[in-house]
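Read the structure below first, then the notes.
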Amino acid sequence: MNQSIKPGDNPDLTDERLSGTFDTNAMAAVIYGSDKLAQRRREFSEAVSRIPELKDSKPYPFMTREEKILEGSRKSAVLNRLLPGLIDLESFEETVFIHQEVIGIEGYPLALHESLFIPPIATQGTDEQQEKWLMRAQRREIIGCYAQTELGHGTNLRALETTATFDISTREFILNSPTITSLKWWPGALGKSANWSIVIANLIIKEHNYGPHPFLVQLRDEKSHEPLPGITVGDIGPKMAFNGADNGFLGFKNYRIPRENMLMRHSKVTSDGSYIKPPHAKIGYSSMVKVRSRMASEQGLFLAHALTIAVRYSAVRRQGFLKDKSREVKVLDYQTQQHRLFPSIARAYAFIFCGFETIRLYDQLLIDVQNGNTSGMADLHGLTSGLKSVVTYQTGEGIEQARMACGGHGYSMASYISEIYGVAIGGCTYEGENMVMLLQLARYLVKSIEMIQNGKSRELGPMVAYLAEKESEIDLNLGPNEYLKVFEYAARNQTWRATEKFQKLRNSGMSNEEAWNQASVELTRASRLHTRLYIMSTFINHVGSILDQKVKGVLIDLLNVHVTYEVMDIGIYVQGLLSSNQMDLIRNQLYVSLETIRPNAVSLVDSFQISDMQLRSVLGRRDGNVYENLFKWAKSSPLNQTDVLPSVTQHLKPMMEKSKL
């Protein structure tokens, strides 16, 4: 049963919901990991809808950037007062959701405080450092951010220029930004809101550079909020989207901090200047890996926002005729519209489920690292690099398709899809530029092939064991696991092909760097296929674990859309495995799967249970009453508050009057 049906809804949307074959609350429990968490989300949505202080002062598209920042700050302060009685403050999921529900996706001063300031203190700070700063941060006595990216360097950590030089005589670090390109650039909340930051700087002791390390740095006076002497800080200006956040720049000039402000759970600097290295070279990347681990689910939900809008609107928008000539048909009944939207619905679910597994792997890694076992670090680093790249790119594609599926109205800010796109697509560059991420994964894949070549197949990790397997016959009538074999074939062949090309170039006399560059396109293709194989595998496994048979049934239908669409999408890589007749069979199975999903399309997006408050879309309204509210929204435009604008009286009217002479 679809739980979204209410009196006064658009009858077309009600008919769609009545055609659903499963309980949307039960599906929401699958999407969010438990019935308890899904229920809590519904309770939060209901609770905040009754609090006048938390409502938007006006539609976000009609706000200036300054108004958006002010609105986000106002709501953050209100939430900080109300949160102790509303949510479990120790639950990251509840904290993130309540802020997205109330403030939305355009950013706010505390957005990175929870995700990138507190976690490094918790995972990389010593017990003493946590005692000193963690509770202050959790109580929001201070507002923090995370400053790593610089004006001249982002993904290439080794080229960061900010320095933290240890002064043995005073037992302090001296921070400096030696060049214009060394300015920290892009950190959210840095511009005007944060008064503390995790700063990534090169640790220098006795003129030896030990590379990037994290430091906890106070930026502004806690009473006046003025920048401290030696600090240059400000806002970088408007962006493509996410303009409720004050992304900033930061520079240092002989700025001193105590030795104890370097986060030292893993790397350490003693009072006499001795350096104690971490147990694993990449252990300092744990905060980055955590963010990338969560990105699959987060991006899946961005895609879910856009698809909720596009699918609901497609169910109430009528245009053209099919069998019944007495009434125009719903746009959602066209096969082209289904082909445009339904595979993206499948991807949204796949990304969310994949996120569950990746977060589980990250949590297990933390336990292992605490026990001195860092063997899984390289595997997870490679995996999350690939996921980050593939998921963000495909999410951007899916959101843009959703916008175009809404026709002309999709171009209006009333749809809100352009803002969703602008926020989500930022994921292609923050936390590592996508091409660089693919090449990081490629290094792991090449090393795996070299292990096979050297007779060490048994030492391969479980995620790359398929690279050593031989092809087997494919029977496409046996279900999704056969499609998984097709993807394994494609990923395995491309990884071997790319590796052998790199090795051949290197053996011809090229340097490693030049050979890598010449093979890089083929290497990125291998990384994409490997990552998409992992996504498909986790989707299959997750659906197989579901107990509710009605929910499982529709997810199997969605899984069939996914595996057939994904295999069709990589046809060029499986030409040596599948015949033209088999490709025709897959294509026809995809079209049948689209028809099978059609009655459940609205219920599948309703199951994300994204409230109207959070969705902020006229086209995607839960009640489907689009047209009257679109007119109402347009009339609220600031331009319509007066009949004659100054642009007319000052310029156009004099021009027209002069032309009459």
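Laboratory data are not the source of any read-out in this text; all were calculated from the coordinates shown. Remember, predicted model here, so these are calculated numbers, not experimental data. Every residue, glycine among them, receives a Cβ derived from its backbone with ideal geometry; neighbour counts consider all protein chains shown.
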(request) Find the relative contact order for the stretch 382-527 and round it to a whole percent, using C-alpha pairs within less than 8 Å whose residues are 6+ positions apart. (result) 24
(message) Compute, for the stretch 98-161, the length of the dipole vector about the Cα centre, with Cβ point charges of +1 (Lys, Arg) and -1 (Asp, Glu) only. Units Debye, rounded to 20.
(response) 60
(request) Compute the signed sum of charges (Lys and Arg +1, Asp and Glu -1) over the other residues within less than 12 Å, Cβ to Cβ, of LYS75. (result) -1
(request) Using a cut-off of 14 Å between beta-carbons, work out the net charge of the residues near LYS184 (Lys and Arg +1, Asp and Glu -1, LYS184 not included). (result) -3
(message) For the stretch 255-391, take N as its residue count and report Rg(C-alpha) divided by 2.2 N^0.38 Å.
(response) 1.69
(request) Report the convex hull volume per residue for the stretch 397-465, counting only C-alpha atoms, in Å³. (result) 110
(request) For the stretch 166-247, state which trypsin sites (Lys or Arg not before Pro) are in a DSSP loop and have at most 10 other beta carbons lying within 10 Å of their beta carbon. (result) LYS206, LYS223
(request) Along each of the three principal axes of the Cα atoms of the stretch 1-147, give the extent in whole Å, ordering the values from largest to smallest. (result) 59, 37, 28
(message) I'm a student and want to see the number: the projected area of the Cα convex hull of the stretch 588-661, averaged over all directions, in nm².
(response) 10.0
(request) Please sort by residue number the trypsin sites (Lys or Arg not before Pro) in the stretch 467-542 whose DSSP state is loop and whose Cβ has at most 14 other Cβ atoms within 10 Å. (result) LYS470
(request) For the pairs LYS206/LYS277; LYS447/LYS470; LYS132/LYS253; LYS192/LYS223, note any where the Cα-Cα span goes beyond 21 Å. (result) LYS132/LYS253
(request) Report the percentage of all Cα-Cα pairs in the stretch 517-661 whose separation exceeds 25 Å, rounded to a whole percent. (result) 60
(request) Give me the compactness ratio for the stretch 55-107, meaning the Cα radius of gyration over 2.2 N^0.38 Å. (result) 1.18
(request) Compute the relative contact order of the stretch 536-661 as a whole-number percentage, counting only Cα pairs closer than 8 Å that sit 6 or more residues apart in sequence. (result) 17
(request) Set Lys and Arg Cβ to +1 and Asp and Glu Cβ to -1, take the dipole of the stretch 452-604 about its Cα centre, and tell me which of ILE556, ILE474, GLN494 lies farthest positive. (result) GLN494
(request) Bin width 20 Å, alpha-carbon pairs only: give the P(r) of the chain as whole percents, running from 0 to the bin holding the largest distance. (result) 17, 48, 30, 5, 0
(request) Could you list the square roots of 5 times each eigenvalue of the Cα gyration tensor of the stretch 188-318, that is, the equivalent ellipsoid semi-axes, sorted largest first and rounded to whole Å? (result) 39, 22, 11
(message) Below 8 Å, C-alpha to C-alpha, sequence gap of six or more: please give me the relative contact order for the chain in percent.
(response) 16
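Around ILE87, what is the net charge, scoring Lys/Arg as +1 and Asp/Glu as -1 over all other residues with Cβ under 11 Å from its Cβ?
Surrounding charge for ILE87 is -4.
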(request) Could you let me know the centre-to-centre spacing of the stretch 377-446 and the stretch 60-79, using Cα atoms, in angstrom? (result) 26
(request) State, to one decimal in nm², a quarter of the convex hull surface area for the C-alpha atoms of the stretch 466-543, i.e. the direction-averaged projected area. (result) 5.8
(request) Let me have the 222 nm mean residue ellipticity of the chain computed from DSSP H runs of 4+ only, each contributing -39500 (n - 2.57), with the sum over all residues rounded to the nearest 500. (result) -16500 deg cm²/dmol
